[in-house]
Amino acid sequence: MDLHLTNKVIVVTGGASGIGEAIVRGAAKEGATPVIVNRRRERGEKLAAELKQAGHSCLFVQADLSEIDQCQQAIQKTVDQLGRMDILINNAGVNDGVGLEKGFPEAFMQSLQNNLQHYYSLAHYALPYLKKAKGNIVNISSKTALTGQGGTSGYIAAKGAQLALTREWAAELLPYGIRVNAVLPAEVLTPMYETWLNSFASPEEKKAEIERRIPLEQRMTTAQEIADTVLFLASDRSSHTTGQHLIPDGGYTHLDRAIHS
C-alpha cells in the first residue's frame, strides 16, 4: 500500500535506535525525508550516512531534548534546512526506574523532564509548521501507562500523560485539521529492552517467560511492526483517525492470557 508519504518531512525523536530507528527506516522506504533527532551524535550520523548512501533523503539533528531550547533548535534546524515539516513523531524516552519506594521527589521531577517535557515542547514549536502543512502528530507511549509496572513512577506518569495529551491535542487542533494519535508498544525487543533482559541471571529464560504470556504467536512484537503502525497513522491512509490509542502488542495488554495455555 502506498502511504502517500513521498517528500513528507517526518521528525522522529530518539530516531537512531530501537523503535525510532525502525520508524526512520520505514519512512525513508516510503519516500519521505526522516529527520533523525538523537542525543548521541555517532548513532545519528551513522544511520543518516547509511540512508543517504542507499539513495534516501534524510537529516540528522543532534539534540538533548531534556533542554527546552534544544527542542526549539531541533525544529528550527529542520525547517531551515528542509523548508517544511509535516509530521512529528514523539518517541524519545527512557524507563529510568524512579519508583515511589526507592525514588525521591527530585528524581521524579527529573524523570518527567526527561520523558514528558519534550513531547510538549516539540509539539509547541512545531505547531506553526504543522498548521501550514495540515500535518499530524504521533506520540509513542507504552502499555505500562495502562497496566502499571512497579518501581518506575516517573516513566509511568510521563507515559500516562502522553496519552492524555494525545486526546487533548486532538481536540485542540481540530480547527486546523491536525490529527494526533498514540501508539503503545508492549514487549518489543529493542536494544534498551535487551539491556533490561540482561539484568537477569538468565536473560533467555526471562525472555521465554514473557513470550509465553503474549497471546498471539507467543512472541514479542518487532520494532518493524510498531513502525508500520506508526507510519500508517501518520499517513493520509488514516485521514479520519484522531485521538486514538493503538496497541499493537499481540493481545498482551487486553486478552486473557489463559486462552492459549
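Just so it is clear, none of the values below were taken in a lab; they were calculated from the coordinates. It should be emphasised that the depicted structure is a prediction, and the values quoted were computed from it without experimental measurement. For neighbour counting, all protein chains shown are included, and Cβ atoms are generated from backbone atoms with ideal geometry for every residue, glycine included.
Computed values, structure above
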read-out: Amide H contacts under 5 Å for Ala92, placed H, 5+ residues apart; value: Thr13, Gly14
read-out: 5 angstrom amide H check on Val9, placed H, neighbours 5+ away; value: Thr33, Asp86, Ile87
read-out: 3J(HN,Hα) from dihedral phi, the stretch 169-175, Karplus parametrisation 6.51/-1.76/1.60, rounded to Hz, x for glycine, proline; value: 5, 4, 6, 5, 9, 3, x
read-out: Value of [θ]222 nm, deg cm²/dmol, for the chain, DSSP H segments ≥ 4, -39500 (n - 2.57) each, nearest 500; value: -14500 deg cm²/dmol
read-out: Cα gyration tensor shape for the stretch 1-159, rounded if a/c is under 1.5, else prolate or oblate; value: prolate
read-out: Spatially near lysine pairs across the chain, Cα under 26 Å, sequence gap of 8 or more or different chains; value: 29
read-out: Taking N as its residue count, the alpha carbon Rg of the stretch 1-46 over 2.2 N^0.38 Å; value: 1.11
read-out: Within the stretch 141-250, chymotrypsin sites (Phe, Trp or Tyr not before Pro) in DSSP loop having at most 14 other beta-carbon neighbours inside 10 Å; value: Phe200
read-out: Cα gyration tensor shape for the stretch 25-84, rounded if a/c is under 1.5, else prolate or oblate; value: oblate
read-out: Residues with amide H under 5 Å from that of Leu246, placed H, sequence gap 5 or more; value: Ala182, Val183, Leu184
read-out: Orientation-averaged projected area, Cα convex hull of the stretch 173-261 (nm²); value: 7.2
read-out: In sequence order, calculated HN-Hα J values of the stretch 221-237 (Karplus, 6.51, -1.76, 1.60; Hz; x Gly/Pro); value: 6, 8, 4, 5, 5, 5, 4, 4, 5, 4, 5, 4, 4, 6, 8, 6, 5
read-out: Cα shape, the stretch 134-182, gyration tensor, a/c 1.5 rule; value: prolate
